[in-house]
Amino acid sequence: MEIFGQTNIGLVRATNQDSFRIGKFPGGSAWAVVCDGMGGASGGDVASKMAADLIAERIEKNYHDDMKQLSVSNLLESAINFANIKIYDLAREDLTLKGMGTTVVAAIIRENEVFISHAGDSRAYIIGEDIKQVTKDHSLVQEMLDRGEITEEEAKNHPVKSYITRALGVSDRINVDFTAESFEKNDIILLCTDGFSNSVEEDNFKKLFENASDEAVEKLIDEANANGGRDNITVVLASY
């Protein structure tokens, strides 16, 4: 398994409030955590870094390759819940960090399968013969789409597109979605923050790269910046 990731401030923001962590296990599986912070002058930075660090630490410490799906689900959920309460408590203790929070998408990738948990609008895709968005945004725009109030085209530039309905740190509890997907030999996993997914059309993903590599990550980030770079951009690619 090979895994690569980069984050970029973009062309508009004064700071980068995205964070990510990636790694590989001795057995050959890989893992990744991608977070997009929000709130306050420095709160988003703090929240996303805390979440990425705490979730990564728990994944590295507790995962082993013979875990069944339910155990992996419990591991990811408990890691995200642990990070959530730590961020929530810190925001209550330090008034300068009040209101901070972060999205998260976390993945454990092993031969033939990938396990993903998320909260917020950071996304996971599987790129194979087709492109499949594995995660579903926790956002007002997604809820409007689900109710049939707007079209996919209207959703792309909707005025409340950035309003998310779930984030770590804003409450002492967080609902986490989990999914398990098959993962074929030539498939590529893509994890990203909305700075990427809002700037690059899905149809263009496969036109920009063929294999997971540092160069492929750079090309995807460059494309997001070429399309305006209106937000921080984080991209992780994994394949085997």
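The values are calculated or read from the model by the stated rules, or taken from the named source; none is laboratory data. The structure presented is a predicted model; accordingly, all values stated were derived computationally and were not measured. Quick reminder, even Gly has a Cβ in these numbers, built from the backbone with ideal geometry, and neighbours come from all protein chains shown. With ligands, DNA and RNA removed, areas are computed over all heavy atoms of the protein, side chains included. Shrake-Rupley method; radii C 1.70, N 1.55, O 1.52, S 1.80 Å.
What to note about this one:
- Placing +1 on the Cβ of every Lys and Arg and -1 on the Cβ of every Asp and Glu, with no other charges, gives the chain a dipole of roughly 680 debye about its Cα centre.
- The range 79-156 and the range 1-75: distance between their alpha carbon centers, rounded to Å: 12
- Against the criterion of solvent-accessible heavy-atom surface with a 1.4 angstrom probe, Thr234, Thr96 sort, most first, into Thr96, Thr234.
- Solvent-accessible surface of protein heavy atoms, probed at 1.4 angstrom with all chains present, puts Arg173, Arg13, Arg58 in the order Arg173, Arg13, Arg58, largest first.
- Gyration tensor (alpha-carbon) shape descriptor, the range 82-186, a/c threshold 1.5: oblate
- Farthest toward positive dipole pole in the range 92-240 [+1 Lys/Arg, -1 Asp/Glu at C-beta], among Val160, Gly99, Ser199: Gly99
- Annotation: per residue accessible area for the chain equals 47 Å², rounded to a whole number [probe 1.4 Å, protein chains only].
- The chain: most fluctuating residue of Ala226, Ala106, Ala91 per GNM, C-alpha cutoff 10 Å: Ala226
- Sulfur and carbon atoms: percent of accessible area, the chain [1.4 Å]: 45
- Whole-Hz Karplus values for the range 14-20 come out as 7, 9, 9, 9, 7, 9, 8 Hz, taken residue by residue from phi with 6.51 cos²θ - 1.76 cosθ + 1.60 and θ = phi - 60°; glycine and proline positions read x.
- Check: the range 94-166 dipole with +1 on Lys, Arg Cβ and -1 on Asp, Glu Cβ, in debye: 300
- Comparing mean-square fluctuations of Gly43, Gly148, Gly101 from a GNM of the chain with C-alpha springs under 10 Å, the top value falls on Gly148.
- Global geometry of the chain, whether rounded, prolate or oblate, following the gyration tensor of its Cα atoms and the 1.5 cut on a/c: rounded
- Ranked by solvent-accessible area (1.4 Å probe, protein heavy atoms only, all chains present), the residues Val160, Val33 order from largest to smallest as Val160, Val33.
- Efficiency of FRET from Cβ geometry, Gln69 and Lys136, R₀ 25 Å, rounded to 0.05: 0.85
- Surface calculation, 1.4 Å probe, protein heavy atoms: Tyr88 sits at approximately 50 Å² accessible.
- Additional length obtainable on full extension of the chain from Glu113 to Glu143, 0.36 nm per residue less Cα span: 7.9 nm
- Charges were assigned to the Cβ only: +1 to each Lys and Arg, -1 to each Asp and Glu. The resulting dipole of the range 23-76 about its Cα centre is roughly 80 debye.
- Helix-only arithmetic for the chain: the sum of -39500 (n - 2.57) across DSSP H runs with n ≥ 4, divided by the residue total, places the mean residue ellipticity at 222 nm at -10000 deg cm²/dmol.
- In this structure Ser71 has an accessible area near 50 Å², from a 1.4 Å probe over the protein heavy atoms.
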